[in-house]
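Working notes for the structure below.
The values are calculated or read from the model by the stated rules, or taken from the named source; none is laboratory data. From a predicted model like this one, the values you see are computed outputs, not experimental measurements. For neighbour counting, all protein chains shown are included, and Cβ atoms are generated from backbone atoms with ideal geometry for every residue, glycine included.
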Amino acid sequence: MYRERYPRAGITVIENGYEEESFGLLEDSNAPLVPGTATLLHSGIVYPSERDPLNSSRRSGACSTTVGCGPASCGYVFGRRGMKHRSASWSRHLASTRWWNFSPPIPYRDALQEMMRADGLLVLQASNCNEQVPAKLYEYLRCRRPVLGLTDPSGDTAAVLHQAGLHNIARLDRHEEIAAALRLFLDQVRSKNASLPDDAVVSNASRLSRTRELAGVLDRLPAFGERHSR
């Protein structure tokens, strides 16, 4: 968008990232998030337009038999760090699908610990946000857990996933795609064959690495006086 608006400007995009210090303070625990259950975790706020799981919940309920996933073998956990703009009836609807487990907000580092213990992580990003990437995705990469993306394959979120070697993606509004992607993803998670984020991509996504990238951009700029003396 900015390149179209300012075609003569030199533009460099530096992505968001994760803070390594926050992960360094976590407990060293490999205990499963929910013992005996393959758990997919969505950590964070669910927005009504950009990350609306209501349709996904209906589709998940419709395809649960097809993918062999029920409350004894798979669950989503929503609501970590809070939910906004949704009514109690909406929450009850999701809970009635038996796929969703709502939990109250918890401190940030506890949320990171929870991500580290999940069997898989879920990112939601509708096509109306194709030029945005949720900050949590970079934390997901650092957790080095399998990730399922319900997002537009042509959007920036999908691009980050592909770059990291994570290709389990389905559109948030497509029933058939969700069913197929979920079936494949769960099979991979259960068999321990799910892809994990590429180590080099994870390292480059740290905020320390992003700062080095910014420093490199600044080093390549001519001095202010030199630019204005021409």
* If you go through the stretch 202-210 one residue at a time, do you hit one that is within 30 Å of GLY36 (Cβ to Cβ) and surrounded by 12 or more Cβ atoms within 10 Å (Cβ to Cβ)? -> yes
* **Top-ranked residue of the stretch 14-45 - restricted to ones that are among the acidic types (Asp, Glu) and assigned to a helix (DSSP H, G or I), ranked as nearest to VAL217 (Cα to Cα)** => GLU20
* **Evaluation of GLU114 against (1) closer than 24 Å to LEU172 by Cβ; (2) of a type in the set (D, E, K, R); (3) loosely packed, with under 11 Cβ neighbours inside 10 Å; (4) at pLDDT 80 or above (one fails), failing number** => (3)
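Table: residues versus (1) under 13 Å from the mean Cα position of the chain (by Cα); (2) in contact (Cβ under 8 Å) with a residue 24 or more places away in the chain.
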| residue | (1), (2) |
| --- | --- |
| PRO134 | yes, yes |
| LEU137 | yes, yes |
| TYR140 | yes, yes |
| ARG145 | yes, yes |
| LEU148 | yes, yes |
| GLU177 | no, no |
| SER195 | no, yes |
| SER203 | no, no |
* To do: Pull up the stretch 1-49, narrow it to residues that are closer than 24 Å to ALA194 by Cα and aromatic (Phe, Trp, Tyr), then point me to the one that is farthest from the chain's Cα centre (by Cα).
  => PHE23
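Looking at the stretch 206-223, can you tell me whether even one residue there is more than 14 Å from the chain's Cα centre (by Cα), aliphatic (A, V, I, L, M), part of a loop (DSSP other than H, G, I, E, B) and under 24 Å from ASN16 (Cα atoms)?
Yes, the stretch 206-223 contains a residue that is more than 14 Å from the chain's Cα centre (by Cα), aliphatic (A, V, I, L, M), part of a loop (DSSP other than H, G, I, E, B) and under 24 Å from ASN16 (Cα atoms).
Restricting attention to the stretch 137-165, which residues are in a helix (DSSP H, G or I) and surrounded by fewer than 21 Cβ atoms within 10 Å (Cβ to Cβ)?
If the condition is that a residue be in a helix (DSSP H, G or I) and surrounded by fewer than 21 Cβ atoms within 10 Å (Cβ to Cβ), then ASP156, ALA159, HIS162, GLN163 are the ones that fit.
For every residue, the table says whether it meets (1) within 19 Å of ILE14 (Cβ to Cβ); (2) in contact with a Phe, Trp or Tyr (Cβ under 9 Å, 6 or more places away or on another chain); (3) of a type in the set (Gly, Ala, Ser).
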position: LEU137; (1), (2), (3): yes, no, no
position: LEU141; (1), (2), (3): yes, yes, no
position: LEU150; (1), (2), (3): no, no, no
position: GLY165; (1), (2), (3): no, no, yes
position: ASP187; (1), (2), (3): no, no, no
position: PRO222; (1), (2), (3): no, no, no
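Give PRO134, PRO197 a once-over and let me know the one that is touching a Cys at 6+ places or on another chain (Cβ under 9 Å) and modelled with pLDDT of 90 or more.
Of PRO134, PRO197, the one residue that is touching a Cys at 6+ places or on another chain (Cβ under 9 Å) and modelled with pLDDT of 90 or more is PRO197.
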